[in-house]
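See structure below.
What follows draws every value from the coordinates through simple rules; no lab data is involved. The structure presented is a predicted model; accordingly, all values stated were derived computationally and were not measured. Note that each Cβ is placed from the backbone with ideal geometry, even for glycine, and that neighbours are counted across all protein chains shown.
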Amino acid sequence: MSAQFPAARPRRLRRTPALRRMVAETRLAPADLVLPMFVKEGIGEPQPISSMPGVFQHTRDSLRKAAHEAAEAGVGGIILFGIPAVKDGDGSAADDPAGIVQLAVRDLRSDLGDAAVVMTDLCLDEYTDHGHCGVLTGAGEIDNDATLERYASIAVAQAAAGSAVLGPSGMMDGQVGAIREALDGAGYPDVAIMAYSVKYASAYYGPFREAAECAPQFGDRSTHQQDPANTEEALREVFLDLDEGADMVMVKPAGAYLDIVRRVRDAVDVPVVAYQVSGEYAMIEAAAERGWVDRERTIMESLLSIRRAGADIVLTYWATEVARRLAR
Ligand code: PBG
């Protein structure tokens, strides 16, 4: 045979769908997906979120129905965000045993049993009237250590309601340690912590702030969330959280931070979670609505890429839809 032809032909393994499927390195499975859900106190009907088509602020009843559908599709878990009817400076609804998230957790635990993991986001911004992730000093700054006491109390309330995994997302220093100590002291040593270890001060959270009604009334989150310019401090945050007792670590947002997902995956021996956030969802939905990208293909590629970068678990608002598609 003439030497002018290539001996190596990578295209051989790309020739048919069966060949491509057999050699694929990364796969998506329903169990890797976690659905973030919003439940709001005091509404009669689910409320659509204009910047997140297809996502709702649920009533307790509509949440039960949607959570059942997610579990039936095989999603790995659900993470709940609560929006109380009344907000105040301390976010006192957050650790009220009769607060909306606590009630919703009880509902879902009794409905779902072990069909999907019921988890809770643990933060104050949905509960405070000023929209910040912690309580404030007289000067209007976030009081880190006073906030830790609030987080500890919220952790116990969520665990008592039956949440299996708590996701502290407020980026306060020492939050994982404070929560772990509170859980252990209150008799919940088996409740796990999925730490939002690497959370950037990101513009991609815009639509979430409509969904959770938690835009800060003044200032921003850049004194506690990370600077998008940095990688090394992401690893520092991860190791601090693991030292403090985190069971899993998260990188957030996902799509614009795939390099960070990979760095973290290579550095730790616990599950790595990535959060495909509201802005990532909204951008694909908006472009697809205009016919500028193929919706299904873009969604699947975005999720596959997050898994390929090294995330074991992905939080995505498309979890139920994608889990159903994967089952087909
Ligand atoms: C804070 C929290 C936020 C998100 C999850 N938890 C918002 C923020 O930090 O401002 C954003 C999630 C998303 O954009 O989908 N409780």
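Starting with the highest mean, order 108-117, 314-323 by the number of other Cβ atoms within 10 Å, averaged over the residues of each peptide.
In decreasing order of mean packing, 108-117, 314-323 become 314-323, 108-117.
Only Cα pairs within less than 10 Å get springs; with that Gaussian network setup on the chain, which residue of PRO53, PRO17, PRO207 has the largest fluctuation?
Sorting by GNM fluctuation, first place goes to PRO17.
What residue among ALA8, GLY279, TYR127 has its Cα farthest toward the positive end of the dipole of the chain, where the charges are +1 on Lys, Arg and -1 on Asp, Glu, each on the Cβ?
Value: ALA8.
Ordered by residue, what ³J(HN,Hα) values in Hz, to whole numbers, does segment 191-204 give under the Karplus form 6.51 cos²θ - 1.76 cosθ + 1.60, where θ = phi - 60° and Gly and Pro are x?
Rounded to whole hertz, the list is 6, 8, 10, 9, 7, 6, 6, 10, 10, 8, 6, 10, 6, 6.
If I fit a long axis through the Cα atoms of helix 295-309 and take the longest principal axis of the Cα atoms of the chain, what angle between them do I get, 0 to 90°, rounded to 10?
80
What whole-number distance in Å separates the alpha-carbon centres of segment 183-239 and segment 260-328?
19
Quick check: the angle from helix 232-243's long axis to the longest principal axis of the chain, C-alpha only, nearest 10 degrees?
Between the helix axis and the principal axis of the chain, the angle is about 60 degrees.
Show the residues, 5+ positions off or on another chain, whose built amide H is closer than 5 Å to the amide H of VAL117.
Distant-sequence amide H within range of VAL117: GLY77, ILE78.
Of the residues ASP90, ASP129, ASP190, which exhibits the maximal mean-square fluctuation in a Gaussian network model of the chain defined by a 10 Å Cα contact cut-off?
Residue with maximal mean-square fluctuation among ASP90, ASP129, ASP190: ASP190.
Counting only DSSP beta bridges with both residues in segment 27-327, tell me the antiparallel percent, nearest 5.
About 10 percent, rounded to the nearest 5.
Treat the count of other C-beta atoms within 10 Å as a stand-in for reagent exposure and order TYR151, TYR188 from fewest to most.
TYR188, TYR151
Add -39500 (n - 2.57) for each DSSP H run of 4 or more in the chain, then divide by its residues: what number comes out at 222 nm, to the nearest 500 deg cm²/dmol?
That calculation yields -12000 deg cm²/dmol at 222 nm.
Using a Gaussian network for the chain with springs between C-alpha atoms less than 10 Å apart, which of these wobbles most: ALA178, ALA229, ALA254?
Its mean-square fluctuation being the largest, the pick is ALA229.
What are the principal axis extents of the Cα atoms in the chain, in Å, biggest first?
82, 43, 39
Considering amide H positions built from the backbone, and no H for Pro or chain starts, which residues 5 or more places from LEU122, or on another chain, come under 5 Å of its amide H?
Under 5 Å from the amide H of LEU122: GLY167, SER169.
For the chain, find the longest principal axis of its Cα atoms and tell me its angle to the long axis of helix 278-289, 0 to 90°, nearest 10.
Value to nearest ten degrees: 50.
Return the sequence-ordered ³J(HN,Hα) values of segment 179-185 in whole Hz as given by the Karplus equation 6.51 cos²θ - 1.76 cosθ + 1.60 applied to θ = phi - 60°, using x for Gly and Pro.
Each residue's phi maps through the Karplus curve to give 5, 4, 5, 5, 5, 5, x Hz.
As a footprinting exposure proxy, order PHE239, PHE38 by other Cβ within 10 Å, with the fewest listed first.
The order, fewest Cβ neighbours first, is PHE239, PHE38.
Which whole-Hz couplings ³J(HN,Hα) result when phi for each residue of segment 102-119 is put into the Karplus expression 6.51 cos²θ - 1.76 cosθ + 1.60, θ = phi - 60°, listed in order with x for Gly and Pro?
Each residue of segment 102-119 in turn: 4, 5, 5, 4, 4, 4, 6, 4, 6, 6, 9, x, 9, 5, 8, 6, 9, 10 Hz.
Hey, how many Å between the Cα centroid of segment 115-175 and the Cα centroid of segment 52-104?
When both Cα centres are located, 15 Å separates them.
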